[in-house]
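Coordinate-derived values only; no laboratory data. These numbers come from a predicted model, not from an experiment. Backbone-built Cβ (ideal geometry, glycine too); neighbour counts: all protein chains shown.
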Amino acid sequence: MDETGNGALTLDIFVIKGGTRLTGACRVSGAKNAVLPAMAASLLAEGPVEIVGVPRLRDIATFGRLLGILGAEVTHEGGAGEGREVLRILSGDARNAVAPYDLVKTMRASVLVLGPLLARYGRARISLPGGCAIGARPIDQHLRGLELMGAKTSLSEGYIEASADLLSGAAITFDMKTVTGTENLMMAATLAKGTTFLKNAAKEPEVCDLARLLRAMGADIEGEGTDEIVVRGVRSLHGARHEVMADRIEAATLLLAGAITGGDVTAMGADASTMDAVLEKLRRSGADADAVPGGVRVRREGPIRSVNVKTAPYPGFPTDVQAQFMAYMCLGDGFSVISETIFENRFMHVAELRRMGARIDVSGNMAAVRGVPELSGAPLMATDLRASASLVLAGLAASGTTEVLRIYHLDRGYEALEHRLTSLGADIVRVKE
Ligand code: EPU
């Protein structure tokens, strides 16, 4: 059992009758992993920040509660049309606020408030996130960067306490590509004294989306999307309105739903330029995958060709699509090796896929998938967000009925996925427990 963003508890399940070819077009939401840093950035602004195109997701509701604890007013309202919902955040005085364990433990992205709080108020106290289902996920890079900018950090009773009279610009080289690490330090640097150089920075499109918002708020940033981001500190930042990028991970999941069922699906609003690695693998697997006006379309008629996949920081193949692609490869015509290089424990879907008849051997961070002609429906347990999506894909292609339990994991990152899949012809219903 787990908590939803609004405090309720759900144990809903998906019941999927597989075997239908999915066809049609459906809209992709705004990107969860761009909305969360944008919400954190609102703490830097001396005026309202409006984020346009924000889906109703459990993680976004949880982050909204966190901002509320930090003194912000948060409203989430429908816009004029589909996918136009606006999240409006007016930050309050968070000088003495604390990001509590209760919230941080349910969502690691809470750590994104550290940089903004420190930069704006000179102090921050937030619970140290623990490990999570997919790996240990330390935040040493965030802390080391803030220290290089002059902050003092300490750990007491499970909380990180950070303070700095005024952060100063610094040259910081990350030991590895870290997405939220880059975002946290980029935000902290906007109000620091002097210039910060972030080297070996993450190049993910979500980092670029955040840089666009910060610039609209008055920040001086260049180089996002390259290995080095340069931030010249300014005295203050103002409110702004920001259209958030489309969710490339959700788009990939919908396209894979089309491909795994031998269908023809267009993900409207998806930006092909952020999805090169996934589209390339889809093409090599025998599907047509192309940018079309207003979105990205995938079609597959022939057999699924087995291809190898290795996850890597952007522009490499995203770890957040690894589980979904593995479900697809379970029905490949040969042998596929899937290597996970970002997180140490991201194969939890394997045991569940095996229950459907998949043939997968795992050794360390590699999964060897021998394609089978058919998967059969089964009751399955969702374990984390993307693993849940992979089980749904497998269920759509399997014969018979699949039940996916604990879809609260899925609801963290996909808004009413069942409605969108139903609009493409899938037979999937949510059963309330
Ligand atoms: N790492 C460290 N020390 C650090 C930071 C990261 O060792 O201080 C390691 C991590 O343990 C991991 C690797 O570096 O092995 C990369 O982690 P990263 O920091 O990039 O991950 P993240 O920022 O915590 C974001 C997404 C994840 C996504 C990863 C990788 C958000 C809110 N989360 O996490 O999204 O998988 O980048 O692309 O942006 C998801 O949406 O399902 C999800 C897990």
State the Cα centre-to-centre distance between region 358-433 and region 133-160 in whole Å.
35
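What does the extension gain come out to for A136 and R284, with contour length at 0.36 nm per residue minus their alpha carbon separation?
Numbers: separation 148, 0.36 × 148 = 53.28 nm, distance 3.31 nm.
Working it through step by step, the gained length comes to 50.0 nm.
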For region 378-390, in order, what is each residue's ³J(HN,Hα) by Karplus, 6.51 cos²θ - 1.76 cosθ + 1.60 with θ = phi - 60°, in whole Hz (x at glycine and Pro)?
7, x, 10, 10, 6, 10, 8, 3, 6, 4, 4, 5, 5
At 4 °C and 1.567 mPa s, grab the translational diffusion coefficient of region 187-313 from Stokes-Einstein with a Kirkwood Rh over Cα pairs, rounded to a whole number in µm² per second.
78
For region 193-202, Karplus couplings with θ = phi - 60° (6.51, -1.76, 1.60), whole Hz, Gly/Pro x
8, x, 10, 10, 10, 9, 9, 6, 6, 5
Among DSSP bridges having both ends in the chain, what percentage is antiparallel? Round to the nearest 5.
70
Can you pull out the GluC sites (Glu not before Pro) in region 328-375 whose DSSP state is coil and whose Cβ has at most 15 other Cβ atoms within 10 Å?
E344, E374
For region 100-239, with equal point scatterers placed on the C-alpha atoms only and solvent neglected, what are the log10 I(q)/I(0) values from the Debye formula at q = 0.11, 0.18, 0.21, 0.22 1/Å, to two decimals?
-0.35, -0.98, -1.31, -1.41
Overall Cα dimensions of region 168-228, principal axis frame, Å, largest first:
28, 24, 16
In whole angstrom, the spacing between the Cα centers of region 326-340 and region 198-223 equals 35
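What is the packing order of peptides 295-304, 183-192, 55-64, taking the mean over residues of other C-beta atoms within 10 Å and listing the highest first?
Descending mean neighbour count gives 183-192, 55-64, 295-304.
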Check which residues have an amide H placed less than 5 Å from V309's amide H, if you skip close sequence neighbours.
V337, I338, S339
How large are Rg and Dmax for region 272-353 when only the alpha carbon atoms are used, in Å?
12.9, 39
Karplus ³J(HN,Hα) for region 408-416 (6.51 cos²θ - 1.76 cosθ + 1.60, θ = phi - 60°; Hz, whole; x = Gly/Pro) runs 4, 4, 5, 5, 4, x, 10, 7, 6
Spin-label proximity, L166 to region 200-239 - amide N less than 16 Å from point 7 Å beyond Cα toward beta carbon:
232-237
What are the principal axis extents of the Cα atoms in the chain, in Å, biggest first?
63, 46, 38
In straight Cα distance, which lysines are under 19 Å from K281, not counting same-chain residues fewer than 8 positions off?
K310
